[in-house]
Amino acid sequence: MCGIVGYVGGKQASKILLEGLSKLEYRGYDSAGIAVRNDDGNINIVRTKGKLKNLIEKTNNGEDLEGSCGIGHTRWATHGEPSEKNAHPHYSEKDSVVVVHNGIIENYAEIKEKLIEKGYKFYSQTDTEVVANLIDYYYKEIENDPLDAIKKFMLRVRGSYAIAVMYKDCPNEIYAVRKDSPMIIGIADGETFIASDVPAMLKYTRDVYYIDNMELAKITAGKAEFFNSDEEVIEKELVHITMDETAAEKNGFEHFMMKEIHEQPEAIKKTINSIVEDGKINLEKVGIDAEKIKNYNQIFIVGCGSAYHVGVTLKYVFESIAKIPVQVDFASEFRYRSPLLTEKTLVILISQSGETADTLAALKEAKKHNVDTLSIVNVVGSSIARASEYVLYTLAGPEIAVATTKAYSAQLVAGYLLAVQFAKERDVIDDKEYKNLIEEINAIPEKVDEVVNTQEDIKHLASMFSNVDDVFMIGRGIDYAISLEGSLKMKEVSYVHTEAYAAGELKHGTISLIEDGTLVIGLLTQKSLIEKTLSNMQETKSRGARLLAVATNGIGAAKSCDYVINIPKINPYFSASVAVIPLQIMSYYMSVLRGLDVDKPRNLAKSVTVE
């Protein structure tokens, strides 16, 4: 959720920390801060409320802080309101221990009470200040052993965390530990970097270590040492990152969201080409074989937010094409409902970051039942990917805007390919249908590009509706799944109250909210369901609603609506990939026209690594 950076080397740390934080601000932008050790051994801490630019101004772009060892943080508030006193880094008395922290310490209140009894004083409302003081307490108690102090901290706390620690007594050293929150160590010649995510260090190194759960690291200039919770040395292999550094830049676009909307055709194409070879789907890289596929008798798909909406779409696709029962769960609910999992169950987990806390918890629940797990993730080496039996990587590249677009589209097409191969291996479709379905999937990037290039027409519609208070998006079947994602995009970035409904459910209560001027957006891509959805739309029009249809080309009945956005014809199973694009673009322009920060919507962060 929050962004962590750290540096030890021969350069001015403050500039590198600020630069790294700028690449991680999508993870949180309520406040920011850095701590740098100067040549006199003192640790100077600067913190500000608000976006990173405030910290950059306060430090004169880092010029005012000298020193070659430091840590930094950009915050998404959990405990305590956004404020300077609640901003990280946090410190113990006399700055003897300084920390930055991503995650939540669940038993912090109990620990805080004990520390107060021992004479510790607190200045903030955060659980992270408890981290600093608890480590300080153990450090003093066990005769200044920095690793052992952190080990005892790990045994005492409950929750999730990625933590970077500086000790006043340990010059040019940073210590790190993680549990259920991401952290990466990068190595270059004479320099070492810490970050929550790869883009923060790409400019300086592509060689990284991934810290696993309950592992500790000691970081010095050009070197990282790793230990387990018993302080035994762990040998790790460097991983070379191939990600293009410029992929995390705006490249002339005003916002990352619009850049990423335009990148969808390429993201979809790369994902398809990663497993489609010579007109056939090859799951060898995924690791799952034909015998496994034939053996499954049910699938659970688990995700959060847009990933959950991908799952809703894929339920229709898997059940229609592969004829296998599918249940879709919010990751945050999956482990609390005692899911009925058997040895013939496959659990598919979807996450852009591969670090989503609730999805990771759902994965652990599935593994308790000894069922197979397959993750669809965008980040190589992420926690969910490493913990799953099988992994299908989407090739969307780094996604910076908080509101997902290209990762969602890549996840969809990855799911389509799985469904088609499941159908083939289970002898549900013949060779001709198999070939036709793959050809339809291969055509998706071109059709998405066609819609992206109509953005000026969609912008005009957005200008007409930018001041609406309520929007309802409706559809049936896959169209309902598209409505869910379209509604989320609009509320995320434009702050317009939007709701998605299965069209037939409107008359069961919701239609009472329709009044003059309410905008109703109907999705019309499923041929067998169009007439029924249009009838539901007309029911709202008779009560004062304005109707906008997103309809497949050639649906003449859509002309009965006030406005129509036509999309290219496509196999109805795969219509979500094309029909969602106008809703993304419309949401983007409504946000811009309302003067909002598209890439950093209020109260949201990109990667939700806390439950």
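The values are calculated or read from the model by the stated rules, or taken from the named source; none is laboratory data. Bear in mind that the values here come from a model prediction, so they are computed numbers and not experimental data. As a convention, Cβ positions derive from the backbone with ideal geometry for all residues, glycine included, and neighbour counts pool all protein chains shown. Side chains are part of the model used for accessible areas, which takes the heavy atoms of the whole protein and leaves out ligands, DNA and RNA. Shrake-Rupley method; radii C 1.70, N 1.55, O 1.52, S 1.80 Å.
Data for the structure
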quantity: Dipole of the chain, positive direction: furthest Cα of Leu21, Ala149, Ile474, with charges on the beta-carbon; calculated: Ile474
quantity: Net +/- balance of residues flanking Pro325 in space, Cβ distance below 10 Å, scoring K and R +1, D and E -1; calculated: +1
quantity: Cα convex hull volume per residue for the range 316-457 (Å³); calculated: 134
quantity: Accessible area per residue, Å², the chain with all protein chains present, probe 1.4 Å; calculated: 38
quantity: Charge dipole (the chain, unit charges on Cβ, about Cα centre) - positive-most of Phe300, Asn442, Phe465; calculated: Phe465
quantity: Under 16 Å from the Lys94 label point (7 Å along Cα→beta-carbon), backbone N, the range 37-56; calculated: 41-43
quantity: Theoretical ellipticity at 222 nm over the chain - DSSP helices of four or more residues, -39500 (n - 2.57) apiece, nearest 500; calculated: -10500 deg cm²/dmol
quantity: Under the Karplus curve 6.51 cos²θ - 1.76 cosθ + 1.60, θ = phi - 60°, whole-Hz ³J(HN,Hα) for the range 110-125, x wherever Gly or Pro sits; calculated: 5, 5, 4, 4, 5, 5, 4, 4, 8, x, 6, 10, 10, 10, 10, 9
quantity: Mean Cβ neighbour count within 10 Å, used as a protection proxy, ranking 519-532, 93-106 highest first; calculated: 93-106, 519-532
quantity: Calculated on alpha-carbon atoms, Rg and Dmax of the chain in Å; calculated: 25.3, 80
quantity: Estimated distance in nm for a label pair at Glu446 and Glu433, the labels positioned 7 Å out from Cα along Cα-to-Cβ; calculated: 2.5
quantity: Share, in percent, of DSSP beta bridges within the chain that are antiparallel, nearest 5; calculated: 60
quantity: Amide hydrogen neighbours beyond the local backbone of Leu519, cut-off 5 Å, H modeled; calculated: Asp470, Phe472, Arg546
quantity: Separation of the Arg158 and Asp40 label points, Cα + 7 Å toward Cβ, nm; calculated: 4.4
quantity: Spin-label zone in the range 522-559 - amide nitrogen under 17 Å from a point set 7 Å from the Cα of Asp470 along the C-beta vector; calculated: 522, 537-548
quantity: Positive minus negative residues near Asn60 (Lys, Arg vs Asp, Glu; Cβ under 13 Å); calculated: -1
quantity: Cα coordinate range in the range 367-525, projected on the principal axes (Å, largest first); calculated: 52, 38, 37
quantity: Efficiency of FRET between Glu141 and Glu254 - r from beta-carbon atoms, R0 35 angstrom, step 0.05; calculated: 0.05
quantity: By average C-beta atoms within 10 angstrom, highest first, the peptides 160-167, 547-554, 428-435, 558-565; calculated: 160-167, 547-554, 558-565, 428-435
quantity: In sequence order, calculated HN-Hα J values of the range 202-210 (Karplus, 6.51, -1.76, 1.60; Hz; x Gly/Pro); calculated: 4, 5, 10, 7, 10, 9, 9, 10, 9
quantity: Length-normalised contact order of the chain in % [C-alpha pairs under 8 Å, at least 6 apart]; calculated: 12
quantity: Listed residue (Ser512, Ser577, Met183) projecting farthest to the positive dipole end of the chain, Cβ model; calculated: Ser512
quantity: Other-chain or far-sequence residues with amide H under 5 Å of Glu84's (modelled H); calculated: Lys49
quantity: Mean Cβ count within 10 Å, highest first, over the residues of peptides 128-135, 332-339; calculated: 128-135, 332-339
quantity: Assigned charges on the beta-carbon of Lys, Arg, Asp, Glu; the chain dipole about Cα centre (debye); calculated: 1180
quantity: Linear extension gain, Asn60 paired with Arg594, 0.36 nm per residue minus alpha-carbon span; calculated: 189.1 nm
quantity: Cβ-based net charge around Ser274, under 15 Å, with every Lys or Arg adding one and every Asp or Glu removing one; calculated: +1
quantity: Karplus (6.51, -1.76, 1.60) ³J(HN,Hα), θ = phi - 60°, over the range 416-426, in Hz, Gly and Pro reported as x; calculated: 4, 5, 4, 4, 5, 5, 4, 4, 5, 5, 8
quantity: Using a Förster distance of 60 Å, the FRET efficiency for Glu225-Thr342 (Cβ separation, nearest 0.05); calculated: 0.85
